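Student: Before I ask anything, here is the structure I am working with.
Please treat every number below as a calculation from the coordinates, not as lab data. All values reported here derive from a predicted model rather than from experimental measurement. Because the Cβ atoms are built from the backbone with ideal geometry, glycine has one as well, and the counts that use them run over all protein chains shown.
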């Protein structure tokens, strides 16, 4: 089981192989880096940051996964330890040499596992060559071609769920608390859970999706519900073969496939027929791997 801590002082003294990064989404490239740290035979330690460094530096970034989910996904890979460092303005201003002294040396870092493009410290002036000059062994992990958190975000914004899943190594997800909605779904025969997603989490392109939640297939709508003249984005999921009250519960929604655009219909009867077709398509959808 992976031990998760918030400061280096919480970890016992040991020689460590350290993988450093934000690891947003924990995609296939991140997995390769963490697996390489495990393979060294040293105590494998992942160092990640919260909040996202780009946010602290004044840039906007939508996250592929929440911090609790990131911690869970990294734990599934199985490093010995996970250090979640608070990324502060003060930390961002550390020179690369200062970062090594403040973070890596207290960990007992012997090996740093990173991509060739890895940068750290104020102005991103630190690189793998600097780490070597400071006496650390650096194991460079080849980048998995075409795989990056930025590319995952691009695909999700375009609604390319299958493409994003191929980079992540699993279906993309949305999660949040189920809140009260307009309650139209129940009157139409398809009661939905209205999910208030975690703030800052990337939401894919508007449309109708097939996926799953709570171990059941789910047809999901992301958008403004144009048939009823909506203007506020909603994320609503109809869980097939589910009966029960989900209000107030945390729901994780896997997305498997984008079925169609959202649109208005000529009548409510036509809308109901289309929802029924979406449900049938959800029954036939295949979970991307």
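Student: Working from Cα positions, state the angle (0 to 90°, nearest 10) between the long axis of helix 268-284 and the longest principal axis of the chain.
Tutor: Roughly 50 degrees between the two axes.
Student: Related question: Taking all pairs of distinct Cα atoms, average 1/r, flip it, and tell me the Kirkwood hydrodynamic radius of the range 33-118 in Å to one decimal place.
Tutor: After inverting the pairwise mean of 1/r, the radius is 14.3 Å.
Student: For the range 3-147, would you read off the P(r) tail past 24 Å as a percentage of all alpha carbon pairs?
Tutor: Result for the distance tail: 24 percent.
Student: Roughly speaking, what is the centre-to-centre gap between the range 221-262 and the range 37-74 when only Cα atoms are used, to the nearest Å?
Tutor: 28
Student: Evaluate the range 17-80: find the radius of gyration of its Cα atoms, find its Kirkwood radius, and give the ratio Rg to Rh.
Tutor: A ratio of 0.99.
Student: Have a look at the range 102-192 and give its Rg and Dmax from the Cα atoms, expressed in angstrom.
Tutor: Over the range 102-192's Cα set, Rg and Dmax evaluate to 21.6, 68 Å.
Student: If we count other beta carbons within 10 Å of each Cβ, what is the order of 80, 24, fewest first?
Tutor: Ordered from fewest to most neighbouring Cβ atoms within 10 Å, 80, 24 come out as 80, 24.
Student: Compute the angle between helix 28-39 and the longest alpha-carbon principal axis of the chain, please, reported from 0 to 90 degrees and rounded to the nearest 10.
Tutor: 40
Student: Cα atoms only, the range 172-284: Rg and Dmax in Å?
Tutor: 12.8, 36
Student: Take every DSSP beta bridge whose two residues both sit in the chain, then give the antiparallel share in percent to the nearest 5.
Tutor: Percentage antiparallel, nearest 5: 55.
Student: Additional query: As a footprinting exposure proxy, order 232, 254 by other Cβ within 10 Å, with the fewest listed first.
Tutor: 232, 254
Student: Would you mind checking the radius of gyration and Dmax of the range 99-152 based on alpha-carbon positions, in Å?
Tutor: Final numbers for Rg and Dmax: 12.3, 35 Å.
Student: Please state, as a whole number in µm²/s, the translational diffusion coefficient that the Stokes-Einstein equation yields for the range 68-144 at 20 °C and 1.002 mPa s, with Rh defined as the Kirkwood radius across alpha carbon pairs.
Tutor: For the chosen part, D equals 156 µm²/s.
Student: Give me 2, 109 ranked fewest to most by other Cβ atoms within 10 Å of their Cβ, as a rough exposure proxy.
Tutor: 2, 109
Student: What is the mean projected area of the alpha carbon convex hull for the chain, to one decimal in square nanometres?
Tutor: Convex hull of Cα atoms, orientation-averaged projection: 16.0 nm².
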